[in-house]
Amino acid sequence: MPYVLGIHVGATATSAAVARREGGRWGAAQPLPLSSTAQTVPTVLCRVQDGSFVAGEPASRQELTHHEWVVRGFTRQVGDDAPMLVGSEFVSAQALVASMVEWVADVVAQQLGHPAEHITLAHSALWGPFRTHLVRQALAGLGLRDVTMVPEPVAVAMDYASKQQVTEQGKVAVANVGGSGFDATVLQHRAPGFDVLGSPLDAGYPSGQDLDDEVFGHVREAFGEHIDELDPTDRTHRAALAGLRAECARAKEALSYHPGATVRVDLPQVRTDFALSRSRFEQLSRGHLERIPELLLQSIQSAGLGKSSESDRAARTGKTASVSSGGTGADDLDAVVLAGGSVRTPLAKQIVAERLETTPQVDAAPELVAARGAAVSAVGVLSKGSDQQASAAETSVLMRVEGGPDSDRVDIIEAQRQREAEPRPPVQVKAMYVEPPDEDRERRLKILKLSLAALLILAGLALTFVQTVEGHPLSPTTSTQR
């Protein structure tokens, strides 16, 4: 069954979604698991002996034993002058992104039995034309030339618009809490896609890693003595520490659905379960989550929303403009959409709703919305291409119709083309009269110039003679008389 593929290569996690064509219609975009245990895989690559890359969980497992051949965090390095060291070779970050896309496309093709008809990549909102061009070149070098690229917030908005009605020219604010950072963007709906308003806002925090660190720090308070005894050069100890951090991340995700979770502590000196309640986790994470609405407001103001609407309301009511949701620009938005796995935390939605006085939209799997939106965008690319081909075919048929209401217009156009094709008569141009030069005047000027030159030569000879006579040395006789 034909399908299109949407891929989201995030800073810490990568996801995929497909949309299948049944008959003449495309189905809804659905996420496709990239591993046997999870919908997403880590954005990690490991270089193997033949020079190719493996990604995801197989690459993460190699990090404990062959860390020099494993690389992560490359999405934020795209466009940098310095390449990244992988083993004994330097590789550009854009080449690593292309390798990640190739790996995902191969995994999906193996699952579904054949390659995708089209691929759309959802990328960081901070990538401009230069960075996207570099990634396109790297993809083409791997044979992936039929790839469309869309910014991550646009993909999130496309996924939301595929399920909820968004009016033409309607505005949507997208806040993404990624694994290693935060970005917020305001977009305006212009069918069939979205345009970015203002400048995307990027911040290093809050991030999913910040929340994981809070949980790990809380566990460390109880088991700090045992953690400090771990030897970082010992492979077993490194594996135990990595496992504990993974348990903290898993507990954070579980607290999004349950009032409590347990962290499995499996260290060489101690093996036990550590209980963590949602209320305690919210206390630890509140300081980070409160940054979300503040940064969203900055993005809304960057898009120029709120000022005109608040002044109009004040003029109609005769009241002074106040600092409210209208003053922030939230009333000018059709929706506020939160994306990223960390926004599953109920406290995140609550804080944004209280500050902006509007209920944010959070998907049941917010870490997958960018991949689904990329698949929706891929469907639009193929549909647009099909419409253009159909339109061209229809135009070709109409031009061959004879008779009918438009036949006179066709005849007129054909006659005009024939007139344009006929040779035009030559154009005769009369030469402009130019007055001949005055030969007598030129001869007089030549004689004058020669006379002046002769006088200068004679004057020079005379001056030289005078100086020679005055400077002649005295004879011996004259000198004795004096």
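The values are calculated or read from the model by the stated rules, or taken from the named source; none is laboratory data. Keep in mind it's a predicted model, so treat the numbers as computed, not measured. All Cβ positions, even for glycine, are placed from backbone atoms using ideal geometry, and neighbour counts span all protein chains on display. Protein only, heavy atoms only, side chains kept; ligands, DNA and RNA dropped before computing areas. Shrake-Rupley method; radii C 1.70, N 1.55, O 1.52, S 1.80 Å.
Things to note:
- Mean Cβ count within 10 Å, highest first, over the residues of peptides 272-281, 122-131: 122-131, 272-281
- J(HN,Hα) series, segment 332-347, from Karplus relation 6.51 cos²θ - 1.76 cosθ + 1.60, nearest Hz, glycine and proline x: 7, 9, 6, 6, 10, 10, 9, 10, x, x, 6, 7, 5, 4, x, 5
- Descending by average beta-carbon neighbour count within 10 Å, the peptides 361-373, 257-269 line up as 361-373, 257-269, the highest first.
- Taking label points 7 Å from Cα along the Cα-to-Cβ direction, A82 and D106 give a separation of 3.0 nm.
- When only alpha carbons are used to place a centre, segment 26-48 and segment 63-117 end up 14 Å from one another.
- A simple rule links phi to the HN-Hα coupling: the Karplus curve 6.51 cos²θ - 1.76 cosθ + 1.60 with θ = phi - 60°, which for segment 210-221 gives 4, 5, 4, 5, 5, 5, 5, x, 5, 5, 5, 4 Hz, with x for Gly and Pro.
- Shape index of segment 95-165: Rg/Rh, with Rg the Cα radius of gyration and Rh the Kirkwood radius from the inverse mean 1/r over Cα pairs, equals 1.01.
- Accessible surface area normalised per residue over segment 71-149 is 47 Å², counting heavy atoms of protein chains with a 1.4 Å rolling probe.
- FRET E, pair A222, D50, Förster distance 41 Å, beta-carbon r, rounded to 0.05: 0.35
- Spherically averaged projected area of segment 13-171 from its Cα convex hull (nm²): 11.3 nm²
- Links that overshoot a 26 Å alpha carbon limit, given the list K349/K384; K163/K384; K171/K252: K349/K384; K171/K252
- Environment charge at D183 (Cβ cut-off 15 Å; Lys +1, Arg +1, Asp -1, Glu -1): -2
- Working ranking of peptides 132-140, 11-19, 205-213 by packing, defined as the average number of other Cβ atoms within 10 Å per residue, highest first, is 11-19, 205-213, 132-140.
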